[in-house]
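In what follows, a single structure is set out as structure tokens and then discussed.
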């Protein structure tokens with residue numbers, strides 16, 4: 001069964017949600033949340049940290065990681081780990097101040 005993770009990354013006051021623009025096909029140019037495949041030898045948390053750094057250049061030191069939920073689809077033979085992250089380090093008020101591959105900041109209120 002293939003594992004995947006999904007990371008929902010909010011700014012410090014939880015008013016913006018981080019999304020990245022896809023650089024490759026399929027769906028090149030569209031937006032998506034951070035996440036990816038979990039390698040068999042890795043834990044879900046290790047895989048979430050790897051995807052976080054690979055897609056955003058944010059490390060574990062830059063965020064607080066909270067495991068929210070796991071779910072399994074027996075129809076598609078996959079499982080998904082969902083993590084919520086809150087941006088805490090460096091005192092930035094929003095994601096725009098950070099030099100990463102961020103495209104969209106969604107206002108939540």
Residue list for segment 39-68, restricted to those being more than 16 Å from residue 2 (Cα to Cα) and either free of Cβ contacts under 8 Å to residues at least 12 places away in the same chain or part of a helix (DSSP H, G or I) (or both): 49, 50, 52, 53, 54, 55, 56, 59, 60, 61, 62
Criterion violated by residue 63 - all others in (1) farther than 20 Å from residue 47 by Cα; (2) at pLDDT below 85 satisfied: (1)
Filter result for residue 83 (in a loop (DSSP other than H, G, I, E, B), closer than 25 Å to residue 24 by Cα and at pLDDT 85 or above): no
Hits in segment 1-38 - residues which are surrounded by 12 or more Cβ atoms within 10 Å (Cβ to Cβ) and part of a loop (DSSP other than H, G, I, E, B): 11, 12, 13, 14, 15, 22, 33
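The values are calculated or read from the model by the stated rules, or taken from the named source; none is laboratory data. Note that the coordinates shown come from a computational prediction; the quantities given were computed from them, not determined experimentally. With ideal geometry, Cβ positions are generated from the backbone for all residues, glycine too; neighbour counts draw on all protein chains shown.
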